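Before any comments, here is the structure.
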Amino acid sequence: QVQLVESGGGLVQPGGSLRLSCAASVSNFSLYTMGWYRQAPGKQHDLVAAITSGGTTHYVDSRKGRFTISRDNAKNTVYLQINSLKPEDTAVYYCHGRRLDHQYWGQGTQVTVSS
């Protein structure tokens, strides 16, 4: 059974940084397009960033610059570096993996930005 397990969330002050990790228990991880979504309280699930099997990255326009997605195929892990955190970045961040007709979600990790 495929599992995606996020970690790295927490409480951080405005202006701080976090690196979220998502470890995938899946064979052929390198063939998956991986992404990070987030859901703020009372809002929809939104894409933050994605990275293809070939390493091409995609960012939602409003999040370019502060967010960096990367992957380490040797560790079956995808990362999301978030810098200059703002209170509006407060959300549950979800890891997503997709290959062909299959897609998987992690359980989410809470990021709270507050002073």
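Values as computed for the structure displayed
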| quantity | calculated |
| --- | --- |
| Per residue value of the accessible surface for the chain (all protein chains in place, 1.4 Å probe), Å² | 54 |
| Simple Cβ-charge dipole of the chain, Lys/Arg +1 and Asp/Glu -1, about Cα centre, in debye nearest 20 | 140 |
| Proximal lysines to residue 43, defined as alpha-carbon separation beneath 22 angstrom and excluding residues fewer than eight positions away on the same chain | 64, 86 |
| Hypothetical label at residue 11: residues of region 81-113 whose amide nitrogen lies under 18 Å (7 Å Cα-Cβ projection) | 85-93, 109-113 |
| Filtered trypsin sites (Lys or Arg not before Pro), region 26-89: DSSP coil and at most 14 other beta carbons within 10 Å | 43 |
| Over region 1-104, relative contact order from alpha-carbon pairs under 8 Å, at least 6 apart, % | 34 |
| Portion, in percent, of the accessible area of the chain that falls on carbon or sulfur, probe 1.4 Å | 45 |
| Binned Cα-Cα distances of region 20-115, short to long, each 5 Å bin given as a whole percent | 3, 14, 26, 26, 18, 10, 4, 1, 0 |
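The values are calculated or read from the model by the stated rules, or taken from the named source; none is laboratory data. Quantities reported herein were computed from a predicted structural model and do not represent experimental measurements. When we count neighbours, we look across all protein chains shown, and the Cβ atoms used for this are built from the backbone with ideal geometry, even at glycine. Accessible surface areas use protein heavy atoms only, side chains included; no ligands, DNA or RNA. Shrake-Rupley method; radii C 1.70, N 1.55, O 1.52, S 1.80 Å.
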